[in-house]
Amino acid sequence: MRAAVIVFPGSNCDRDTAVAIEAAAGRAPAMVWHEDAELPAVDLIAIPGGFAYGDYLRSGAMAAHSPVMRAVAARARAGTAVLGICNGFQVLTEAGLLPGVLMRNAGLRFICRDVALRVERADTVFTRRYAPGAALTLPVAHNDGNYVADRATIDRLEGEGLVAFRYRDNPNGSAASIAGIFDPTRRILGMMPHPERAAEAVLGGTDGRALFESLAESLA
Amino acid sequence: MIAPEIVAEHGLSEDEYARILDILGREPNPVELGIVSAMWSEHCSYKSSRAWLATLPTEAPWVICGPGENAGVVDIGDGRAAVFKIESHNHPSFIEPYQGAATGVGGILRDVFTMGARPVALMNALRFGSPDHPRTRHLVAGVVSGIGGYGNCIGIPTVGGETGFDSAYDGNILVNAMAVGIADADRIFYARASGVGNPVVYVGSKTGRDGIHGATMASATFDAGAEARRPTVQVGDPFTEKLLLEACLELMATDAIVAIQDMGAAGLTSSALEMAAKGGVGIALDLDRVPVREAGMDAYEIMLSESQERMLMVLRPDSEEPAARVFRKWGLDFAVIGRLTDTGRVALAHGGESVADIPVDPLVAAAPRYRRPYVETEPPAMPPLPATGVAPLDALERLIAGPELASRRWIWEQYDHMVMGDTVARPGGDAAVIRIHGSARGIALTVDCTPRYCAADPRAGGRQAVAEAWRNLVAAGARPLAVTDNLNFGDPQRPGIMGQLVGCIEGIGEACRALDFPVVSGNVSLYNETGGRAILPTPVIGGLGLIDDLDRRASIAFAAPGQDIVAIGATAGHLGQSLLLRDVLASPGGPPPPVDLGIERRNGLFVRDRIARGAVSVCHDVSDGGLLVALAEMALASGIGAEIVPPDGVDALAWLFGEDQGRYLVALPAAAGLVERAAAAGVPAAVIGRTAGAALTVSGHGHISLASLKQAHEAWFPRFMAGR
């Protein structure tokens, strides 16, 4: 699997994501600067966590209009797999590649802790190494993780099986306890929890590793 | 002509002003007065503490750079170095808690990356007033979200700390932030300017009118109108700091930089003067070239602004263009604002005119240093214990559900403590552990102080703060390397307060010497008092240790039921200054527990050796609240209970809640070998019980379920913050 990790000036999980990808794929991803309008030929584009341009405006709102995101959108439309984690998920919704928006956590505080999740689809390039319905523990770390969309959108996500992960104990007020969603092709995944932070036993968990292994296997 | 009240407003005494007249041979102009007063402020000059700080041990074979630079540097092997420092932001955080705490984090991070290190962890030590005080909740909420807001955005994990409450902090809270970075040991950057003619470069944010005279504010006590000082508080921008961090590290990978210094307290004044003083050179600046946020700023404002996220650098000749490219890439200001000179003077021009011209060395050399008179604190005698007893498990439940020991989860879940992907031991244990990226080794970090001990007996309290930090690192399986200290006290012009400062520094020095644990950096914060009421003496010790193999470390959580629990170190049942006396029996007093540094070292080295050899992986130091609290914390961290049996003939309360030092609890499948080895090493070790079930049982005194203990432990903080 050839991968690229997008680096905004305020990205701060870019290295962590690259480490997890390299461990699963056996080769280091290309790190692509936000001002680059060209992307290398890759099988996976990862948009990491962080605060893209400081996010003093709505999280991800400015990043959605960056040069690199125009290139990402074009590749996504052409079928390249795109993974957005945390701020990456926020950027994907702001860019219109995924529906809905991530609002301020219901408790109005930043939350950093392990959360219990349920795998809703195990038949995608991102999740094939998980069992359907599997219980996972992954960390979250966000201020704006409260997934909000209109009723019709939620119904469509549910009806078409586009919910990827669901919180078992909703930490942030997300609609339908949604922790991650796919686009209709299931080639784009946005998720608030951090699989890259749970990919090594020494860091306290390995439940996130299978996501990167799924990608490496699917996109080999 | 400068009026005496203007001199006083600048915090200078008549004698100090006379000294300035003497050095300059004339009256200073207002810009010069502002510069010198900031340089000579307590905050920048350490004039009350310097003579005593000089008594601290600062050297060891592994120390690369001790106090005096932006941060301390220690060798951690494999060609790498840890760079770390703690610093207070007490006064601003009381006035404006969010920005005060946030900029405290920003400032300490700059101190670390100025030296060429990538910051890898943040810690903090916080002290607030009584939970009943009307301002406390607001201050806790603001400080915690300010620390989180800055650290989370810049992407450096906040991995631990400590938080205390006491009415002595009602009018002066403490916000001490510690940062740790990792650098290549042969690529450390210093502030020593050199090379006459070399360009002096300003990078980072523009200069605004914020924080003018913050250093002078931090060198005075508060009166009733503290809020009126809000304009002296700076405003932080963590995104810009992230840009500055990345740009500086990118430039540091080249050989463009001769010297670099962040602009912290007293802004451009102190960075320019420190660089010149350390290099023995002069510096000429054209203030018209300083990037400013608004038009019409005068020289005084430009020199004393404490706008954040700025750096001053001296570059090699011909490096200007490549350096400018790096900063442009990151969208930051880059301006050549002057040159180094051979005059030994700081010469400032603004609007084409000279606005200041002062000699560097004489002003630095003449900076006041005071041997202020002091009175030692007389340690109290042990009061008679109250006749009214308390059931041990009731006392445990009250302590662990009270402000002092309740879970701090409400705080640390607001800090991203995992970003950077190297956090091995998260908040809540004895020490945080961070993996050294790309290796199987780690560094352990802790911050510690027990202010009630320091108030009762400053010298014993100083020793204890160091011993506890050392012990926390040992309990995680680390080899303690060095200390950064944050000395928070009241007004040093009062002999009683000065006596606390002297006593604590003496105690710290003794312990650091005995434990091979040198002080490599630190900060002093004085005048923490309001209306004549001072804080408790609070010398916070930040400790750093090294773990050679992350597979051989210890955590506080029990690993399995059916294991032996061993108490290492002697339990005499010292109740003086214990939490049991203060918070349960309402009979505070007595002397703090004695710290025998030889015993501390012997017991600790034994424990560390067992962990390093893989024989022990569950370990907790025994401190606040004594043995039963330590046991409860181990059980709560794991969900595994314990049954313990107090020895025959001891006073159960004293045995369970005494705060004797030099002790650890460990749990392991079979204790016989450990106990035997301990005996051979002359270390007291006794099996006190076993891990079992889902309750804590004290033989002869009943039991309490972990579920209700957990509920009690977790409930206090959220309930307090919700105002219930």
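Some notes on this structure:
- Failed condition for B:Ala168, given (1) surrounded by fewer than 24 Cβ atoms within 10 Å (Cβ to Cβ); (2) closer than 18 Å to B:Phe113 by Cα: (2)
- Residue in segment A:164-220 that is farthest from the other protein chains (Cβ to nearest Cβ), counting only those that are open to solvent by less than 20 Å² (accessible area, probe 1.4 Å) and among the hydroxyl-bearing types (Ser, Thr, Tyr): A:Ser214
- Residue check, B:Ala460 at pLDDT below 95 and either part of a strand (DSSP E or B) or more than 14 Å from chain A (Cβ to nearest Cβ) (or both): no
- Count of residues meeting criterion [part of a loop (DSSP other than H, G, I, E, B) and either under 21 Å from B:Leu243 (Cα atoms) or open to solvent by less than 60 Å² (accessible area, probe 1.4 Å) (or both)] in segment B:307-350: 8
- Filtered residues of segment A:109-131 (kept if touching a residue at least 60 places away in the same chain (Cβ under 8 Å) and within 14 Å of chain B (Cβ to nearest Cβ)): A:Ile111, A:Asp114, A:Val115
- Boolean, A:Phe51 is among the aromatic types (Phe, Trp, Tyr), open to solvent by less than 10 Å² (accessible area, probe 1.4 Å) and within 14 Å of another protein chain (Cβ to nearest Cβ): no
- Any hit, segment B:3-14, residues being part of a helix (DSSP H, G or I) and open to solvent by less than 30 Å² (accessible area, probe 1.4 Å): yes
- Number of residues in segment B:396-437 that are in contact with an Asp or Glu (Cβ under 8 Å, 6 or more places away or on another chain), in contact (Cβ under 8 Å) with a residue 24 or more places away in the chain and closer than 21 Å to B:Ile76 by Cα: the value is 6.
- Here A:Arg77 does not fit the description of being free of Cβ contacts under 8 Å to residues at least 12 places away in the same chain, open to solvent by 30 Å² or more (accessible area, probe 1.4 Å) and within 11 Å of chain B (Cβ to nearest Cβ).
- Segment B:211-222 - residue that is at pLDDT 65 or above and open to solvent by less than 20 Å² (accessible area, probe 1.4 Å) and, of those, farthest from B:Asp491 (Cα to Cα): B:Gly211
- Residues satisfying the stated conditions in segment B:135-157, i.e. open to solvent by less than 10 Å² (accessible area, probe 1.4 Å) and farther than 19 Å from B:Pro718 by Cβ: B:Gly146, B:Tyr150, B:Gly151, B:Asn152, B:Cys153, B:Ile154, B:Gly155, B:Ile156, B:Pro157
Rundown of residues vs (1) open to solvent by less than 10 Å² (accessible area, probe 1.4 Å); (2) more than 14 Å from chain A (Cβ to nearest Cβ), yes/no style:
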{"residue": "B:Arg369", "(1), (2)": "no, yes"}
{"residue": "B:Ala381", "(1), (2)": "no, yes"}
{"residue": "B:Pro384", "(1), (2)": "no, yes"}
{"residue": "B:Leu393", "(1), (2)": "no, yes"}
{"residue": "B:Arg398", "(1), (2)": "no, yes"}
{"residue": "B:Glu404", "(1), (2)": "no, yes"}
{"residue": "B:Arg408", "(1), (2)": "no, no"}
{"residue": "B:Trp412", "(1), (2)": "no, no"}
{"residue": "B:Val419", "(1), (2)": "yes, no"}
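- Verdict on A:Ala23 being surrounded by fewer than 18 Cβ atoms within 10 Å (Cβ to Cβ), small (Gly, Ala, Ser) and either within 14 Å of another protein chain (Cβ to nearest Cβ) or in contact with a Ser or Thr (Cβ under 7 Å, 6 or more places away or on another chain) (or both): yes
- Every residue from segment B:173-197 that is among the β-branched types (Val, Ile, Thr) and open to solvent by less than 50 Å² (accessible area, probe 1.4 Å): B:Ile173, B:Val175, B:Val180, B:Ile182, B:Ile188
- Set side by side, the residues A:Asn87, A:Asn143, A:Asn105 differ, and just one is in contact (Cβ under 8 Å) with a residue 60 or more places away in the chain, under 17 Å from A:Ala64 (Cβ atoms), within 14 Å of another protein chain (Cβ to nearest Cβ) and crowded, with 17+ Cβ neighbours inside 10 Å, which is A:Asn87.
The values are calculated or read from the model by the stated rules, or taken from the named source; none is laboratory data. Here the structure is a predicted model, which is why all the values come from computation and not from measurement. Every residue, glycine as well, gets a Cβ built from its backbone with ideal geometry; the counts of neighbours run over all protein chains shown. Ligands, DNA and RNA are stripped out before the accessible areas are found, and what is left, the full protein with its side chains, is counted by its heavy atoms. Shrake-Rupley method; radii C 1.70, N 1.55, O 1.52, S 1.80 Å.
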